[in-house]
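S.K.: Sharing a structure here in C-alpha coordinates format.
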Amino acid sequence: MAILELEQVHKSFGTTHVLSDVSLSVEPGELVAIVGFSGAGKSTLMALLSGLSKPDQGRVLFKGKPVEGPSPERGVVFQNYSLLPWLSAFENVELAVREVFSKDSRNAQRERVARYLEMVGLTYAKERRPAELSGGMRQRVALARALAIEPEVLLMDEPLSALDALTRATLQDEIERIARVSGKTILLVTNDVDEAILLADRIVPLSAGPEATLGAPTPVEIARPRDRRAMNHDPHFRKIRASITDYLLETQRVRRARSAANRRVAAESALPVESPA
(Lines give C-alpha, C1' and ligand atoms only; values in the text may rest on other atoms or scores of the structure.)
Protein backbone atom coordinates (compact mmCIF):
# COMPACT_ATOMS: atom_id res chain seq x y z
CA MET A 1 0.00 0.00 0.00
CA ALA A 2 1.18 3.52 -0.79
CA ILE A 3 2.40 5.44 2.23
CA LEU A 4 1.48 8.88 0.83
CA GLU A 5 -1.17 9.76 -1.74
CA LEU A 6 -2.79 12.71 -3.45
CA GLU A 7 -6.15 12.03 -5.07
CA GLN A 8 -7.41 14.57 -7.62
CA VAL A 9 -6.34 17.49 -5.44
CA HIS A 10 -7.31 21.08 -6.29
CA LYS A 11 -6.07 24.14 -4.41
CA SER A 12 -6.82 27.82 -4.93
CA PHE A 13 -5.97 31.07 -3.18
CA GLY A 14 -8.68 33.61 -3.92
CA THR A 15 -9.25 33.60 -7.66
CA THR A 16 -5.87 31.99 -8.42
CA HIS A 17 -6.14 28.26 -9.14
CA VAL A 18 -2.70 27.04 -8.04
CA LEU A 19 -3.07 23.25 -8.35
CA SER A 20 -5.54 21.36 -10.52
CA ASP A 21 -6.36 17.63 -10.50
CA VAL A 22 -3.10 16.55 -8.85
CA SER A 23 -2.72 12.82 -8.17
CA LEU A 24 0.36 11.06 -6.82
CA SER A 25 1.24 7.81 -5.05
CA VAL A 26 4.48 7.32 -3.10
CA GLU A 27 5.60 3.86 -2.00
CA PRO A 28 7.40 3.11 1.30
CA GLY A 29 11.18 3.59 1.04
CA GLU A 30 10.91 5.50 -2.24
CA LEU A 31 12.67 8.79 -2.96
CA VAL A 32 10.42 10.78 -5.29
CA ALA A 33 11.39 14.17 -6.71
CA ILE A 34 8.82 16.67 -7.97
CA VAL A 35 10.40 19.12 -10.40
CA GLY A 36 8.87 22.39 -11.50
CA PHE A 37 9.40 26.08 -12.11
CA SER A 38 9.53 28.55 -9.25
CA GLY A 39 5.99 29.73 -8.51
CA ALA A 40 4.36 26.67 -10.05
CA GLY A 41 2.89 25.49 -6.73
CA LYS A 42 5.55 23.14 -5.33
CA SER A 43 5.49 24.69 -1.86
CA THR A 44 1.68 24.63 -1.88
CA LEU A 45 1.88 20.94 -2.69
CA MET A 46 4.25 20.36 0.25
CA ALA A 47 1.97 22.32 2.58
CA LEU A 48 -0.87 19.98 1.63
CA LEU A 49 1.25 16.85 2.17
CA SER A 50 2.52 18.09 5.53
CA GLY A 51 -0.98 18.98 6.73
CA LEU A 52 -0.24 22.69 7.00
CA SER A 53 -2.93 23.33 4.37
CA LYS A 54 -6.04 21.49 3.19
CA PRO A 55 -7.19 20.90 -0.38
CA ASP A 56 -10.29 22.59 -1.76
CA GLN A 57 -11.15 19.35 -3.54
CA GLY A 58 -9.67 15.86 -3.47
CA ARG A 59 -7.85 14.03 -0.68
CA VAL A 60 -4.39 13.80 0.85
CA LEU A 61 -3.79 10.38 2.44
CA PHE A 62 -1.14 8.97 4.74
CA LYS A 63 -1.28 5.17 4.96
CA GLY A 64 -4.77 5.29 3.52
CA LYS A 65 -6.13 7.78 6.07
CA PRO A 66 -6.90 11.47 5.40
CA VAL A 67 -4.26 13.97 6.52
CA GLU A 68 -5.95 16.28 9.01
CA GLY A 69 -2.97 18.35 10.14
CA PRO A 70 0.78 18.32 10.83
CA SER A 71 2.20 15.16 12.42
CA PRO A 72 5.68 13.91 13.42
CA GLU A 73 5.01 10.99 11.08
CA ARG A 74 5.76 13.48 8.29
CA GLY A 75 8.90 15.52 8.95
CA VAL A 76 9.52 18.66 6.91
CA VAL A 77 12.77 20.34 5.86
CA PHE A 78 12.12 23.89 4.63
CA GLN A 79 14.38 25.98 2.42
CA ASN A 80 14.66 28.78 4.99
CA TYR A 81 16.05 26.57 7.84
CA SER A 82 13.47 27.82 10.43
CA LEU A 83 15.96 27.66 13.32
CA LEU A 84 15.55 29.58 16.57
CA PRO A 85 18.44 32.08 16.63
CA TRP A 86 18.90 32.11 20.42
CA LEU A 87 19.40 28.31 20.61
CA SER A 88 22.49 26.32 19.68
CA ALA A 89 22.46 23.70 16.94
CA PHE A 90 22.10 21.02 19.62
CA GLU A 91 19.26 22.86 21.35
CA ASN A 92 17.36 23.43 18.08
CA VAL A 93 17.33 19.69 17.42
CA GLU A 94 16.68 18.90 21.08
CA LEU A 95 13.57 21.10 21.13
CA ALA A 96 11.91 18.91 18.49
CA VAL A 97 13.10 15.70 20.12
CA ARG A 98 11.73 16.67 23.53
CA GLU A 99 8.35 17.47 21.97
CA VAL A 100 8.03 14.15 20.11
CA PHE A 101 9.81 11.85 22.58
CA SER A 102 8.58 13.51 25.77
CA LYS A 103 8.35 10.17 27.62
CA ASP A 104 12.02 9.34 27.06
CA SER A 105 14.61 10.17 29.72
CA ARG A 106 16.64 13.34 29.31
CA ASN A 107 19.76 11.26 28.61
CA ALA A 108 17.97 9.27 25.91
CA GLN A 109 16.77 12.48 24.30
CA ARG A 110 20.26 13.98 24.30
CA GLU A 111 21.76 10.78 22.90
CA ARG A 112 19.25 10.91 20.07
CA VAL A 113 20.16 14.53 19.29
CA ALA A 114 23.88 13.73 19.33
CA ARG A 115 23.37 10.74 17.02
CA TYR A 116 21.61 12.76 14.33
CA LEU A 117 24.00 15.71 14.54
CA GLU A 118 26.77 13.18 13.98
CA MET A 119 24.86 11.74 11.02
CA VAL A 120 24.93 15.14 9.28
CA GLY A 121 28.54 15.83 10.31
CA LEU A 122 27.91 18.61 12.83
CA THR A 123 29.13 17.20 16.15
CA TYR A 124 31.97 19.74 16.21
CA ALA A 125 29.51 22.66 15.82
CA LYS A 126 26.77 21.54 18.18
CA GLU A 127 27.23 24.47 20.58
CA ARG A 128 27.14 27.15 17.87
CA ARG A 129 24.09 29.31 17.30
CA PRO A 130 22.62 29.79 13.81
CA ALA A 131 24.38 33.15 13.33
CA GLU A 132 27.70 31.33 13.78
CA LEU A 133 26.89 28.73 11.13
CA SER A 134 27.15 28.89 7.35
CA GLY A 135 24.04 28.41 5.20
CA GLY A 136 24.98 24.82 4.50
CA MET A 137 25.54 24.10 8.19
CA ARG A 138 22.16 25.60 9.10
CA GLN A 139 20.51 23.36 6.56
CA ARG A 140 22.31 20.37 8.08
CA VAL A 141 20.84 21.32 11.48
CA ALA A 142 17.38 21.51 9.91
CA LEU A 143 17.93 18.10 8.32
CA ALA A 144 19.14 16.61 11.63
CA ARG A 145 16.09 18.06 13.39
CA ALA A 146 13.71 16.49 10.87
CA LEU A 147 15.47 13.12 11.00
CA ALA A 148 15.75 13.08 14.80
CA ILE A 149 11.98 12.84 15.28
CA GLU A 150 12.17 9.69 13.12
CA PRO A 151 9.34 10.47 10.70
CA GLU A 152 8.05 7.78 8.40
CA VAL A 153 8.11 10.27 5.52
CA LEU A 154 10.58 13.13 5.05
CA LEU A 155 9.22 16.07 3.04
CA MET A 156 11.92 18.35 1.62
CA ASP A 157 10.75 21.71 0.26
CA GLU A 158 13.59 22.95 -1.98
CA PRO A 159 16.01 22.61 0.95
CA LEU A 160 19.12 23.41 -1.09
CA SER A 161 17.90 26.22 -3.34
CA ALA A 162 19.46 29.06 -1.29
CA LEU A 163 22.94 27.49 -1.15
CA ASP A 164 26.00 28.09 -3.30
CA ALA A 165 26.83 25.45 -5.90
CA LEU A 166 29.64 23.76 -3.94
CA THR A 167 27.64 23.55 -0.69
CA ARG A 168 24.60 22.37 -2.60
CA ALA A 169 26.59 19.53 -4.21
CA THR A 170 27.98 18.50 -0.81
CA LEU A 171 24.51 18.35 0.75
CA GLN A 172 23.08 16.51 -2.25
CA ASP A 173 25.63 13.77 -1.58
CA GLU A 174 24.70 13.86 2.12
CA ILE A 175 20.98 13.48 1.39
CA GLU A 176 21.66 10.63 -1.01
CA ARG A 177 23.79 8.85 1.61
CA ILE A 178 21.22 9.35 4.38
CA ALA A 179 18.45 8.06 2.11
CA ARG A 180 20.42 4.87 1.43
CA VAL A 181 21.42 4.34 5.07
CA SER A 182 18.06 5.16 6.68
CA GLY A 183 15.70 3.73 4.06
CA LYS A 184 13.36 6.68 4.67
CA THR A 185 10.53 7.53 2.33
CA ILE A 186 11.48 10.94 0.96
CA LEU A 187 9.55 13.41 -1.19
CA LEU A 188 11.75 16.19 -2.54
CA VAL A 189 10.57 19.23 -4.48
CA THR A 190 13.14 21.10 -6.53
CA ASN A 191 13.53 23.32 -9.59
CA ASP A 192 16.83 21.58 -10.50
CA VAL A 193 16.39 18.70 -12.96
CA ASP A 194 19.96 17.43 -12.46
CA GLU A 195 19.46 17.39 -8.68
CA ALA A 196 16.33 15.30 -9.11
CA ILE A 197 18.10 12.80 -11.34
CA LEU A 198 21.03 12.57 -8.94
CA LEU A 199 18.82 11.81 -5.92
CA ALA A 200 15.51 10.29 -6.97
CA ASP A 201 14.18 6.84 -7.71
CA ARG A 202 11.38 8.50 -9.65
CA ILE A 203 10.80 12.02 -10.99
CA VAL A 204 7.39 13.63 -11.44
CA PRO A 205 7.26 16.97 -13.30
CA LEU A 206 4.89 19.72 -12.19
CA SER A 207 3.55 21.77 -15.07
CA ALA A 208 3.83 25.55 -15.20
CA GLY A 209 1.14 27.33 -13.19
CA PRO A 210 -1.47 28.51 -12.62
CA GLU A 211 -3.61 25.36 -12.53
CA ALA A 212 -0.44 23.29 -12.30
CA THR A 213 -0.76 19.52 -12.46
CA LEU A 214 1.62 16.56 -12.39
CA GLY A 215 2.94 14.96 -15.54
CA ALA A 216 3.84 11.32 -16.12
CA PRO A 217 6.46 9.93 -13.70
CA THR A 218 9.91 8.93 -14.98
CA PRO A 219 11.88 6.19 -13.21
CA VAL A 220 15.60 6.88 -12.74
CA GLU A 221 17.29 3.54 -13.42
CA ILE A 222 20.86 4.61 -12.65
CA ALA A 223 22.86 2.60 -10.11
CA ARG A 224 23.65 4.14 -6.71
CA PRO A 225 25.72 5.81 -5.46
CA ARG A 226 25.57 8.17 -8.43
CA ASP A 227 28.60 10.11 -9.59
CA ARG A 228 27.55 13.49 -10.96
CA ARG A 229 30.67 13.65 -13.16
CA ALA A 230 30.03 10.24 -14.73
CA MET A 231 26.30 10.89 -15.13
CA ASN A 232 26.91 13.62 -17.70
CA HIS A 233 28.17 10.89 -20.02
CA ASP A 234 25.34 8.46 -19.25
CA PRO A 235 22.83 8.24 -22.14
CA HIS A 236 20.00 7.40 -19.72
CA PHE A 237 20.78 10.54 -17.70
CA ARG A 238 20.77 12.70 -20.83
CA LYS A 239 17.49 11.16 -22.00
CA ILE A 240 15.75 11.82 -18.67
CA ARG A 241 17.09 15.37 -18.49
CA ALA A 242 15.87 16.13 -22.03
CA SER A 243 12.46 14.56 -21.44
CA ILE A 244 11.76 16.42 -18.17
CA THR A 245 13.13 19.72 -19.47
CA ASP A 246 11.11 19.50 -22.69
CA TYR A 247 7.91 18.79 -20.73
CA LEU A 248 8.44 21.76 -18.42
CA LEU A 249 9.30 24.16 -21.23
CA GLU A 250 6.32 23.04 -23.30
CA THR A 251 3.89 23.56 -20.41
CA GLN A 252 5.41 26.99 -19.85
CA ARG A 253 4.98 27.86 -23.54
CA VAL A 254 1.33 26.72 -23.49
CA ARG A 255 0.60 28.72 -20.31
CA ARG A 256 2.18 31.87 -21.76
CA ALA A 257 0.24 31.49 -25.01
CA ARG A 258 -3.00 31.04 -23.07
CA SER A 259 -2.28 34.07 -20.90
CA ALA A 260 -1.53 36.19 -23.96
CA ALA A 261 -4.78 35.08 -25.59
CA ASN A 262 -6.75 35.90 -22.43
CA ARG A 263 -5.18 39.37 -22.30
CA ARG A 264 -6.14 40.00 -25.94
CA VAL A 265 -9.72 38.94 -25.28
CA ALA A 266 -9.90 41.19 -22.21
CA ALA A 267 -8.45 44.14 -24.13
CA GLU A 268 -10.86 43.67 -27.03
CA SER A 269 -13.86 43.44 -24.71
CA ALA A 270 -12.82 46.73 -23.11
CA LEU A 271 -12.78 48.62 -26.44
CA PRO A 272 -15.63 51.16 -26.87
CA VAL A 273 -18.42 50.18 -29.24
CA GLU A 274 -18.99 52.71 -32.03
CA SER A 275 -22.56 53.93 -32.47
CA PRO A 276 -24.06 53.50 -35.95
CA ALA A 277 -24.02 56.70 -38.03
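S.K.: Looking at the stretch 64-83, I want the residues that are in contact (Cβ under 8 Å) with a residue 24 or more places away in the chain and have a partner that is β-branched (Val, Ile, Thr) and assigned to a strand (DSSP E or B) with Cβ atoms under 6 Å, at least 6 apart or on another chain. Which pairs are those?
M.R.: So the pair list comes out as 74/153.
Residue-wise test of (1) free of Cβ contacts under 8 Å to residues at least 40 places away in the same chain; (2) open to solvent by less than 80 Å² (accessible area, probe 1.4 Å); (3) β-branched (Val, Ile, Thr); (4) closer than 27 Å to residue 178 by Cβ.
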| residue | (1), (2), (3), (4) |
| --- | --- |
| 210 | no, yes, no, no |
| 216 | yes, yes, no, no |
| 219 | yes, yes, no, yes |
| 222 | yes, yes, yes, yes |
| 227 | yes, yes, no, yes |
| 232 | yes, yes, no, yes |
| 236 | yes, yes, no, yes |
| 249 | yes, no, no, no |
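S.K.: Further question on the same structure: As an exercise: evaluate residue 102 against (1) out of contact with any Ser or Thr (no Cβ under 8 Å at 6 or more places or on another chain); (2) assigned to a helix (DSSP H, G or I) and give the number of the one condition it does not meet.
M.R.: (2)
S.K.: Kindly indicate the residue of the stretch 31-54 that is open to solvent by less than 30 Å² (accessible area, probe 1.4 Å) and assigned to a loop (DSSP other than H, G, I, E, B) and also farthest from residue 69 (Cα to Cα) among those meeting that condition.
M.R.: Selected residue: 36.
S.K.: Could you list, ordered by first residue, the pairs with Cβ atoms under 8 Å in which the first is in the stretch 183-203 and free of Cβ contacts under 8 Å to residues at least 60 places away in the same chain and open to solvent by 10 Å² or more (accessible area, probe 1.4 Å) and the second is assigned to a loop (DSSP other than H, G, I, E, B) and of a type outside the set (Lys, Arg), at least 6 apart or interchain?
M.R.: Correct list of pairs: empty, since none qualify.
S.K.: Considering only the stretch 128-169, how many residues are surrounded by fewer than 18 Cβ atoms within 10 Å (Cβ to Cβ), in a helix (DSSP H, G or I) and hydrophobic (A, V, I, L, M, F, W, C)?
M.R.: Result for the stretch 128-169: 4.
S.K.: On to the next question. Applying the selection to the stretch 2-51, what residues are touching a Pro at 6+ places or on another chain (Cβ under 7 Å) and polar (S, T, N, Q)?
M.R.: If the condition is that a residue be touching a Pro at 6+ places or on another chain (Cβ under 7 Å) and polar (S, T, N, Q), then 16, 50 are the ones that fit.
The values are calculated or read from the model by the stated rules, or taken from the named source; none is laboratory data. As the structure is a prediction and not an experimental result, all values here were calculated from the model. Glycine gets a Cβ as well: all are built from the backbone with ideal geometry, and neighbour counts include every protein chain shown. Accessible surface is based on the protein model in full, side chains and every heavy atom, while ligands, DNA and RNA are left aside. Shrake-Rupley method; radii C 1.70, N 1.55, O 1.52, S 1.80 Å.
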